[in-house]
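Please read the structure below before turning to the comments.
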Amino acid sequence: GPSTPLVVGESLCTATVAGYDAAANAVAITAGHCGVPGDEVRSGDDPDGTVIGTFVRGGAQDNGIILLNDSAQVTDTYNAVTVSSLGGAAPSTVCKTGITTGTSCGPSVVQLGDDLATHLCAAHGDSGAPVYAGDRLIGVLSGGLSAMPACVTPLQGPVHSPVFVPTWDSVSAEMDAAGGVGAGFRLP
């Protein structure tokens, strides 16, 4: 579900959301830069390291699609984050929950086409985290400006890079246009 820690190949990332595609495949979404096609995916919460799926592909919107197997439990709630609706305009304040920096909220700074710039605390490992308002998914946490320091703790205050978030609407449109695994995504 949303905010599940994931080990994709050798990368630690966070799940954006889990559900089913039009072909009834169980799928999870994360950041596209988290893996390459064929990478095994494990839950970061599983001490046994059970493989729960395979990274299928990354998209131009920095979204990654994971085909889950029978070892994965698909849910709309995880780690105190619930996603019960998808997409729509970003409100003035959004939140994210990632494996590295936990939950933080901050202002939506500006929307540039299909990307939203926000001032959320995020660092390596938070990639793919759900960016949400209430129980509505706004987008997929992608990354920050490399020329500015990352946020290592919400106690750091506002002195850190803003993060960029491909909107869910653009990610969903890209998955549908590509077809195959992930197309027609719906919540459980």
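Some points to look at:
- Residue tally, condition of a type in the set (Gly, Ala, Ser), over 12 Å from Ser3 (Cβ atoms) and part of a loop (DSSP other than H, G, I, E, B), over region 102-126: 3
- Taken together, the criteria exclude Pro166 from residues that are surrounded by 18 or more Cβ atoms within 10 Å (Cβ to Cβ), modelled with pLDDT of 90 or more, touching a Lys or Arg at 6+ places or on another chain (Cβ under 8 Å) and under 27 Å from Val56 (Cβ atoms).
- Residues in region 118-130 that are modelled with pLDDT of 90 or more and either among the aromatic types (Phe, Trp, Tyr) or open to solvent by 10 Å² or more (accessible area, probe 1.4 Å) (or both): Ser127 alone.
- Only listed residue being part of a loop (DSSP other than H, G, I, E, B) and of a type outside the set (Asp, Glu), chosen from Gly38, Gly53: Gly38
- Counting the residues of region 131-141 that are open to solvent by less than 30 Å² (accessible area, probe 1.4 Å) and in a loop (DSSP other than H, G, I, E, B) gives 1.
- Some residue of region 153-163 being modelled with pLDDT of 95 or more, in contact with an Asp or Glu (Cβ under 9 Å, 6 or more places away or on another chain) and surrounded by 22 or more Cβ atoms within 10 Å (Cβ to Cβ): no
- Selection status of Val94, modelled with pLDDT of 90 or more and within 21 Å of Leu67 (Cα to Cα): no
- Selection count, region 79-112, where residues are closer than 17 Å to Val171 by Cβ, open to solvent by 50 Å² or more (accessible area, probe 1.4 Å) and in contact (Cβ under 8 Å) with a residue 24 or more places away in the chain: 2
- The number of residues in region 64-104 being closer than 22 Å to Ala183 by Cα and in contact with an Asp or Glu (Cβ under 7 Å, 6 or more places away or on another chain) comes to 5.
- For region 58-78, a tally of residues being touching a strand residue (DSSP E or B) at 6+ places or on another chain (Cβ under 6 Å), buried (at least 19 other Cβ atoms within 10 Å of the Cβ) and closer than 15 Å to Gly32 by Cβ returns 7.
- Gly64 vs. criteria assigned to a strand (DSSP E or B), within 19 Å of Gly144 (Cβ to Cβ) and at pLDDT 95 or above: yes
- Condition check for Gly44: farther than 17 Å from Val140 by Cβ, among the small types (Gly, Ala, Ser) and over 15 Å from the mean Cα position of the chain (by Cα): no
The values are calculated or read from the model by the stated rules, or taken from the named source; none is laboratory data. These numbers were taken from a predicted model, which means no experiment stands behind them. Note: ideal-geometry Cβ built from the backbone for every residue, glycine included; neighbour counts use all protein chains shown. Side chains included, ligands, DNA and RNA excluded: accessible areas come from the protein's heavy atoms. Shrake-Rupley method; radii C 1.70, N 1.55, O 1.52, S 1.80 Å.
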